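J.: Please read through the structure below; I'll follow up with questions.
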Ligand SMILES: [Zn+2]
């Protein structure tokens with residue numbers, strides 16, 4: 001897991017405990033998706049750039065099936081040192097990577113294509129800057145702390161230095177930790193979140209396993225927050 005500092009946060013602990021149950025029953029497709037993204041990281045590295053990903057959704061829970069969407073967060077250095085939000089409107093590099101990702105991953109490497117959603121893009125320049133100036137209101141740091149605590153990283157070593165720099169600033173961590181709770185509140189209260197849990201439980205049962213009553217209880221109590 002990414003940021004050790006946040007691992008005892010009650011909601012993060014609860015979420016990751018549930019995730020562990022699903023992950024221990026991982027589908028082969030989930031593993032394959034991770035491998036696809038690892039290969040993509042290598043392709044980018046040959047051009048001299050670095051990217052990393054946090055996998056969300058079904059790959060994060062190890063429950064991806066052949067045609068499941070793959071939801072990812074991408075980490076990259078925005079256009080030549082640019083600080084600020086990295087999104088489709090103001091970032092040329094993100095669009096290049098997105099097209100590359102769709103083309104190389106889906107059409108060349110995989111015999112079966114699947115939809116990829118870039119849910120968020122974290123600009124590493126921005127992270128670097130916000131850690132340096134100790135930006136207590138940094139959205140980038142909050143999102144980074146959140147994703148790194150609950151998602152599944154690909155090319156994690158690119159993120160290590162940011163994680164350890166953040167963790168070495170206790171005051172900054174405290175502020176971020178409080179805001180992570182708000183991220184969860186938004187997540188848990190979204191319909192798609194409880195729908196996802198239902199879907200993953202069905203997949204496991206379709207595979208012939210029974211979900212223990214204690215796990216069902218834990219899921220229900222988590223979703224009721
Ligand atoms: Zn950018």
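J.: By average Cβ neighbour count within 10 Å, what is the ranking of 209-216, 36-43 from highest down?
T.: Highest mean packing first, the order is 36-43, 209-216.
J.: Given a Förster distance of 30 Å, report the FRET efficiency between residue 88 and residue 206 from their Cβ-Cβ distance, rounded to the nearest 0.05.
T.: Efficiency, rounded to the nearest 0.05: 0.25.
J.: How are the alpha carbon pair distances in the stretch 4-223 distributed across 5 Å bins from zero to the largest one, expressed in percent?
T.: With 5 Å bins starting at 0, P(r) equals 1, 6, 14, 18, 18, 16, 13, 8, 3, 1, 0.
J.: Continuing with this model, one more query. Please report the antiparallel percentage of DSSP beta bridges with both residues in the stretch 4-223, rounded to the nearest 5.
T.: DSSP beta bridges in the stretch 4-223 are roughly 55 percent antiparallel.
J.: Suppose a student asked you for the relative contact order of the chain, using Cα pairs under 8 Å spaced at least 6 residues apart; what percent would you report?
T.: 26 percent
J.: Assuming 0.36 nm per residue, please report the length gained on full extension of the stretch residue 191 to residue 119 beyond their Cα-Cα distance.
T.: Result for the pair: 24.2 nm of gain on full extension.
J.: Working out 0.36 nm times the residue gap between residue 136 and residue 215, then minus their Cα-Cα distance, what length gain in nm do you get to one decimal?
T.: Between residue 136 and residue 215, full extension yields 24.8 nm more.
J.: Further question: Test of understanding: what is the full-extension gain from residue 80 to residue 103, defined as 0.36 nm times their sequence separation minus their Cα-Cα distance?
T.: 5.9 nm
All of the numbers you see were taken from the coordinates with simple rules; none came from a lab. These numbers come from a predicted model, not from an experiment. Please note: Cβ atoms are built from the backbone with ideal geometry, for glycine as well, and neighbour counts cover all protein chains shown.
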